[in-house]
Structure formats: C-alpha cells, structure tokens
Amino acid sequence: MKPSTSELDGLSEIIGLIYDTILDETIWPETLQKICNYTGGTASRIYWRDATNGVGETVYSWGIAPEFLRLYREKFVTLNPTYPASIFIKPGDVFSSRDLVPSEEFQASRFFREWAAPQGFLDAAIFNIQRYEASAAAFTVITGDGYGLVDETLRVRLKRLAPHLQRSAIIRREFGRQEKRILSLEAALNRVEAGVFILDPGGRVTWTNENAQSLLTRGDIVRDDAFGLTLSDPNAHRLLREGLSGDGGQPEQLLQDRPALIKLIDSQGDEWIASLMQLAPRSQTQAAFERVGRSARAALFVRRAETVPKSGIEACAILYGLTPSETRVLQAALDIHTVAEMASALGVSPNTIKKHLSAIFAKMGVSRRAGLIRLVMAARP
C-alpha cells in the first residue's frame, strides 16, 4: 500500500533526525521514540554484542527502564536465545526473533520470562548495522502486547529506515565517540580516516579532507573532472548519481530502495566502501556542512573495506545446516561440560539441551564433545 502524505512527511522528519545524530548524539532518544511511533514499537535500542565472550552493551535506547538495561548487561546477554545466530545475518536485512527461534521456545526461555515479559515486550524486529567475525552492532524495534508479533507492515517500515540508520552509525563511527556534539565540523572531518568529499547539487566537489585528496591523487577509485566527482567503478558511479539525482525535498524519494554502502574496487583488486550522506534542505546538518563546503547537498565518505571472516561456529552452522537454536547450543558445548550447566547458562531446560545436542551430533557426524570441538576448529578460515 502506498504511504499517505502524512506518513511520508513523518518519515522525512525521522530520516532528517537520523542524520542529525551524526553531529549531535544527544538527540538519539528523541529519534528512537519517533521511530517507535512510526513503526508501532514499544521500545528501541542500538546495541553491540560479542558472541564469543558474552559481553554486550546498549549504546542508545528509548522505552527500556535503566534497571532493565543494567540487568541485560549483567545477566541476560548470554540468555538471549537469538544469539549467536543473529550476528551472522547480513547487515541491513530485517528479521524478527521468531525467524530465528520458534515462538514457543523463545517464550519458554528465561530471557523472555524474566526480562522481556515483565516489561510487556513480546517480539522484536532487528537488523545488523555492522558485523564482524563473532560480534555485531544492531538496531531493534521491540513490540509490546498492544501491537503483537512483528508483522509485514513493521518489517517494511523498518526496512525503509535501515539504510539511513546504517549510514548514520557508520559515518558517526568515523568521528569517534569522544564528543557528544561535534562543534567544529571541519576539524572533525580532517581527523577522520575516511576520505570525505562535500558535493554540491550537481555532484561537484566543494571541499575535501586530506585523505580525500590522497584518493584523488591515486586516481583508481575516485576522480574529479568536469562532470563532477566520478567513481571509477561504473556500477558504483551509477549508484552515486542515483543517490544525488533525487530531489531531497520530495518525500517520495525516501521510498527509493538504495543500498546503505557503495562497494568499490581499486586497481589492486582491494575493496573499498563509500557512504553517501544526503543533506536534507534547511536542516541543521546541511547548515553545518555548508559552513565547510559551499552549496553542500551531500557528503561522501570513502574508506577501505574491513574483511569479516566467518567464525568456526558460523562456518559449521552453514556447512551442517544447524538451526539457530542448535548453533547456540554448539557454541555453549565448546566451553561448558555438562548438560545441566549448559541449560543454566542458556536459560532453557536440560531436555531442550539434550534434544539439540542429539540433532547436532547427528548432523555433524560425531558422537562426542571432542569431535565437535575438532570440527569447529577445522572450519575456521
């Protein structure tokens, strides 16, 4: 169904706020609240989780009481039944808790009974912002009893926001987390590792930092010619031009499905990524960038891509067709010796552990824990 004019206006406001958080992190709670109003969520958060050591941290949140945030960090990180499988999902792909764990099993877990249910939480729509070998930064909208389970409407709305949230988080990461508000944008842009190009409405370069100048000198990734900034890869350049061509003042442009990152290949075959940040007309962010580069319409951040190898757990899950619940038990089996201890650590019943272990042994063709460890170690790249 085509969104109404009022819905498009609301979407435009939210996306503007998302990019404003790059320069001012203090507005994240307001932004998350508006995202919940738009999607129907009860709460939302941006968080990070490392599946190898059980460490997790909520970076920004709205709708979750501080006491429950503390309990999550101290007790419930390892009890979340969607880990580690959720970490392995491609960044930007929206999924729900039920896509990974059957509702009956999820609601029987200690995580749901002792952390989610007491807050009135029922389900969650999630996507990874960025992932590494065994950790990921993610975004989630949590639904309550009043909304019900995550449905297609929520998925579609979150999918519209996902590329903007990814770009915002990745670009903000360039600046580091030293300051909540970036007061001197030009100085901050000159400190980042990425090459930064400020572009006018025609795609012409009006300002660069030193790293961008180095990329122009190389000439195998980007060029600055009479037609404006040109990306050497034809497909990447097409995506750049498509991103610049839309009228930022027209809400319908917000429905265009464009990737969060543009992939580039240099003359040596190495991969780079570019993030195009469009500047909403008359926004605070556009005003700040225009003080650095005249007629600023967009900013392009270009950096070398980070390689993300598969962990042994992920490789085995793919190779042997393990379910998310089986993958979770496999990871626990590497460090925990008894069924009772695994059940306690994962917040499920011993019978559930036994059922999953039986399936894991059958799929992986071994009968002892030592065999599982050997296969996981061998599966590492």
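The values are calculated or read from the model by the stated rules, or taken from the named source; none is laboratory data. A quick note: this is a predicted structure, and the numbers were derived from the prediction, not measured. Virtual Cβ from ideal backbone geometry, glycine too; neighbours counted across all protein chains shown. Quick note on the areas: whole protein, heavy atoms, side chains included, nothing else; ligands and nucleic acids left out. Shrake-Rupley method; radii C 1.70, N 1.55, O 1.52, S 1.80 Å.
Per-structure values
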| quantity | calculated |
| --- | --- |
| Arg98 being surrounded by fewer than 18 Cβ atoms within 10 Å (Cβ to Cβ), closer than 23 Å to Lys159 by Cα, free of Cβ contacts under 8 Å to residues at least 60 places away in the same chain and not small (Gly, Ala, Ser) | yes |
| Search result, residues across the range 85-101 that are part of a loop (DSSP other than H, G, I, E, B) and either of a type in the set (Val, Ile, Thr) or at pLDDT below 90 (or both) | Ile89, Val94, Val101 |
| Output for the range 324-348, where each listed residue is open to solvent by 40 Å² or more (accessible area, probe 1.4 Å) and in contact (Cβ under 8 Å) with a residue 40 or more places away in the chain | Leu334 |
| Flag if Ile142 is aliphatic (A, V, I, L, M), at pLDDT 95 or above and assigned to a loop (DSSP other than H, G, I, E, B) | no |
| Residues of the range 14-69 satisfying the condition of being more than 15 Å from the chain's Cα centre (by Cα) and assigned to a strand (DSSP E or B) | Asp24, Ala43, Val55, Trp62 |
| Candidates Leu149, Leu122, Leu161, filtered to the one that is touching a residue at least 24 places away in the same chain (Cβ under 8 Å) and in a helix (DSSP H, G or I) | Leu161 |
| Residue match in the range 172-192 (condition: in contact (Cβ under 8 Å) with a residue 24 or more places away in the chain, small (Gly, Ala, Ser), within 26 Å of Lys34 (Cβ to Cβ) and crowded, with 17+ Cβ neighbours inside 10 Å) | no |
| Any hit, the range 339-350, residues being part of a loop (DSSP other than H, G, I, E, B), of a type in the set (Ser, Thr, Tyr) and out of contact with any strand residue (DSSP E or B) (no Cβ under 8 Å at 6 or more places or on another chain) | yes |
| Whichever residue in the range 1-32 is among the charged types (D, E, K, R) and open to solvent by 20 Å² or more (accessible area, probe 1.4 Å) and, among such residues, is nearest to Ile46 (Cα to Cα) | Glu30 |
| Tally of residues being open to solvent by less than 30 Å² (accessible area, probe 1.4 Å), within 22 Å of Ala260 (Cα to Cα) and either polar (S, T, N, Q) or assigned to a loop (DSSP other than H, G, I, E, B) (or both) across the range 302-312 | 1 |
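Table: residues versus (1) of a type in the set (Asp, Glu); (2) surrounded by fewer than 17 Cβ atoms within 10 Å (Cβ to Cβ); (3) within 19 Å of Pro163 (Cβ to Cβ).
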residue	(1), (2), (3)
Leu276	no, no, yes
Ala288	no, no, no
Gly293	no, no, no
Leu300	no, no, yes
Glu314	yes, no, no
Leu322	no, no, no
